[in-house]
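*Asks:* Quick one: this structure, given as structure tokens, is what I'll be asking you about.
The values are calculated or read from the model by the stated rules, or taken from the named source; none is laboratory data. Note that the structure is a prediction, hence the values are computed from the model and not measured. Because the Cβ atoms are built from the backbone with ideal geometry, glycine has one as well, and the counts that use them run over all protein chains shown.
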Amino acid sequence: MNIEQLKKEVIEYSKQIGIDKIGFTTADMFEELKQRLVTQQELGYQSGFEESDIEKRVNPIKLLPKASSIISIALAYPSKMKNAPRSTKEDRRGIFCRASWGKDYHDVLRDRLTKLEAFIKEKLPEAQMKSMVDTGELSDRAVAERAGIGWSGKNCSIITPEFGSYVYLGEMITNIPFPPDQPIENQCGSCTKCLDICPTGALVQGGQLDSTKCIAFLTQTKGFLPEQYRTKIGNRIYGCDTCQTICPINKGKDFHFHEEMEPDPEIAKPKLKPLLTISNREFKEKFGHISGSWRGKKPLQRNAILALAHYKDKTALEDLVQVMHKDPRPVIRGTAAWAIGKIGDITMEPELRKALEKEQDDEVKQEIEKGLSFLAEKAGI
């Protein structure tokens, strides 16, 4: 079969099934990426969520022995929420990052890739294919960059000329030798806005991220959040968009092409207080379909407590006291105690002292002590 013609047909079909951009590249080794990953590993900049075997991340033949090319796809997601609810003094709200609005993007992209595989198989029954989204071995960004989807920005996102960096990425390795597309020239120029604004300094330099400092990563951890980052979280429940929203290329970019990506405002910007006591069943029913739920409710509840502290929300004190006294999880009890202190109502001192008397966990005790020291500072003691 004429591979050039098949490529044209694949591109045409991709548009019909709601793929916003498609690119093709070779299955050659990602040599430059290998060096970067080794450096990241040596510096301790990895999050721990990625594939640990670097060879699998950079060598497509390790994943599909007869690999000849890779198809990269991108789907644009919305950057603005219609009818976004406002946070009020009585009902403060948190926020999920844009990549967690709507249906879990892993499911959305897998659906498109499965359809693409079926189309290619129909045209070429002997075709071999292996598709992946985000959690696969390959680096979605490295593939997309080489396939001409966009360039790798200083904020470590793929930036497309059409949709900015508000795109989900996925790829398919295949034994079909599709002619490769040309990469796009990097257009970041001398701009450093994303580096300058990063709340935790996680963007070490253009294109290099210390994942362990990145708020997007920190919001997904399950333990106590390191003290120096707690006041940086703001009202973020999951993820962080700061290095995207500041990007000049993203200005005015807002696409609503896919119904399943549209956010439910009450889920994407949830009220914080109800999150503190939500049951597992309620959590699964309300948040189970979004990508931000993958780590379970505990990290999101911890982040909601930090957000209430950020707002200094005195209307939440009763809820926080209940959580501090009754929640079985040390991280949640301790974070609640810290937040009570941060909110700074000195009438809460007896509650903190009562919690300290009965607390058995040493880490939680330390957090209660911190809460008490905040109140003492407030009282000028």
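*Asks:* Inspect the stretch 327-335 for any residue being farther than 18 Å from Ser279 by Cβ, without any contact (Cβ under 8 Å) to a residue 60 or more places away in the chain, assigned to a helix (DSSP H, G or I) and of a type in the set (D, E, K, R) and give the result as yes or no.
*Replies:* No, that holds for no residue.
*Asks:* What pairs can you find where one residue is in the stretch 90-115 and closer than 19 Å to Ile305 by Cβ, the other is of a type in the set (Lys, Arg) and outside any strand (DSSP E or B), and their Cβ atoms are less than 9 Å apart, with a gap of 6+ or different chains?
*Replies:* Once the first residue is closer than 19 Å to Ile305 by Cβ and sits in the stretch 90-115, its partners that are of a type in the set (Lys, Arg) and outside any strand (DSSP E or B) give Asp91/Lys273; Arg92/Lys273; Arg93/Arg86; Arg93/Lys269; Gly94/Lys269; Ile95/Lys269; Phe96/Lys269.
*Asks:* Pairs needed: first member in the stretch 254-265, touching a residue at least 24 places away in the same chain (Cβ under 8 Å); second member anywhere, of a type in the set (S, T, N, Q) and surrounded by fewer than 15 Cβ atoms within 10 Å (Cβ to Cβ); C-beta distance under 8 Å; at least 6 residues apart or different chains.
*Replies:* Pro265/Asn83
*Asks:* To continue, here is another question. Select from the stretch 11-33 the residues that are among the β-branched types (Val, Ile, Thr) and buried (at least 20 other Cβ atoms within 10 Å of the Cβ) and write down the one among them that is nearest to Pro177 (Cα to Cα).
*Replies:* Quick first cut of the stretch 11-33, residues among the β-branched types (Val, Ile, Thr) only: 11, 17, 19, 22, 25-26.
Then keep just the ones that are buried (at least 20 other Cβ atoms within 10 Å of the Cβ); that gives 19, 22, 25.
Values: Ile19: 21, Ile22: 16, Thr25: 9 Å.
Checking each candidate, the answer is Thr25.
*Asks:* Given the options Pro330, Pro270, Pro265, Pro274, name the one that is more than 24 Å from the chain's Cα centre (by Cα) and at pLDDT 95 or above. Talk me through it step by step, then tell me what you get.
*Replies:* Numbers: Pro270 fails: more than 24 Å from the chain's Cα centre (by Cα); Pro265 fails: more than 24 Å from the chain's Cα centre (by Cα); Pro274 fails: more than 24 Å from the chain's Cα centre (by Cα).
Checking each option against the conditions leaves just Pro330.
*Asks:* Can you name every residue in the stretch 217-238 that is surrounded by fewer than 20 Cβ atoms within 10 Å (Cβ to Cβ) and within 14 Å of the chain's Cα centre (by Cα)?
*Replies:* Gln220, Thr221
*Asks:* May I pose another question? Among Gln5, Gln46, which is the only one that is out of contact with any Leu (no Cβ under 7 Å at 6 or more places or on another chain), assigned to a loop (DSSP other than H, G, I, E, B) and surrounded by fewer than 20 Cβ atoms within 10 Å (Cβ to Cβ)?
*Replies:* Gln46
*Asks:* So Gln40 clears everything in (1) crowded, with 16+ Cβ neighbours inside 10 Å; (2) closer than 30 Å to Ser14 by Cβ; (3) at pLDDT below 95 except one condition, right? Which one?
*Replies:* Status for Gln40: all satisfied but (2).
*Asks:* Answer yes or no: is there a residue in the stretch 277-297 that is at pLDDT 95 or above, of a type in the set (D, E, K, R) and surrounded by 22 or more Cβ atoms within 10 Å (Cβ to Cβ).
*Replies:* Looking through the stretch 277-297, none of the residues is at pLDDT 95 or above, of a type in the set (D, E, K, R) and surrounded by 22 or more Cβ atoms within 10 Å (Cβ to Cβ).
*Asks:* Met81 - would you say it is assigned to a loop (DSSP other than H, G, I, E, B) and closer than 19 Å to Met129 by Cα? I'd like the intermediate steps shown before the answer.
*Replies:* Numbers: assigned to a loop (DSSP other than H, G, I, E, B): yes; closer than 19 Å to Met129 by Cα: no.
Taking the combined requirement at face value, the residue does not satisfy it.
*Asks:* Look at Ile176 and say whether it is within 18 Å of Cys240 (Cα to Cα) and aliphatic (A, V, I, L, M). So that I can check it myself, show each step before the final result.
*Replies:* Numbers: within 18 Å of Cys240 (Cα to Cα): no; aliphatic (A, V, I, L, M): yes.
Against the criterion (within 18 Å of Cys240 (Cα to Cα) and aliphatic (A, V, I, L, M)), Ile176 does not qualify.
*Asks:* Another question, then. Residues to consider are Arg295, Arg302; find the one that is part of a loop (DSSP other than H, G, I, E, B), within 27 Å of Pro328 (Cα to Cα) and in contact (Cβ under 8 Å) with a residue 60 or more places away in the chain.
*Replies:* Just a single option satisfies the conditions, and that option is Arg295.
*Asks:* Is it fair to say Glu117 is of a type in the set (Asp, Glu) and either in a loop (DSSP other than H, G, I, E, B) or on the phi > 0 side of the Ramachandran plot (or both)?
*Replies:* So Glu117 does not fit the description; no.
*Asks:* In this structure, is Ala99 in a loop (DSSP other than H, G, I, E, B), modelled with pLDDT of 95 or more and of a type outside the set (S, T, N, Q)?
*Replies:* On the way: in a loop (DSSP other than H, G, I, E, B): no; modelled with pLDDT of 95 or more: yes; of a type outside the set (S, T, N, Q): yes.
In short, no.
*Asks:* Which strands (runs of 3 or more DSSP E) does the stretch 129-226 wholly contain that include 2 or more residues that are touching a residue at least 40 places away in the same chain (Cβ under 8 Å) and closer than 29 Å to Arg112 by Cβ? Steps first, answer last, please.
*Replies:* Numbers: elements: 129-132, 167-174, 203-205.
Fully inside the stretch 129-226 and qualifying: 129-132, 167-174.
*Asks:* A further question follows. Please go through the stretch 147-160 and pick out each residue that is farther than 18 Å from Gly206 by Cα and in contact with a Phe, Trp or Tyr (Cβ under 9 Å, 6 or more places away or on another chain).
*Replies:* As a first pass, look at the stretch 147-160 and keep what is farther than 18 Å from Gly206 by Cα: 147-149.
If the condition is that a residue be farther than 18 Å from Gly206 by Cα and in contact with a Phe, Trp or Tyr (Cβ under 9 Å, 6 or more places away or on another chain), then Ala147, Gly148 are the ones that fit.
*Asks:* Anything in the stretch 227-257 that is in a loop (DSSP other than H, G, I, E, B) and in contact with a Lys or Arg (Cβ under 9 Å, 6 or more places away or on another chain)? List them, or say none.
*Replies:* First pass over the stretch 227-257, keeping only residues in a loop (DSSP other than H, G, I, E, B): 231-235, 239-241, 246-247, 251-257.
Residues satisfying the conditions are Thr231, Asn235, Gly239, Asp241, Ile246, Cys247, Asp254, His256.
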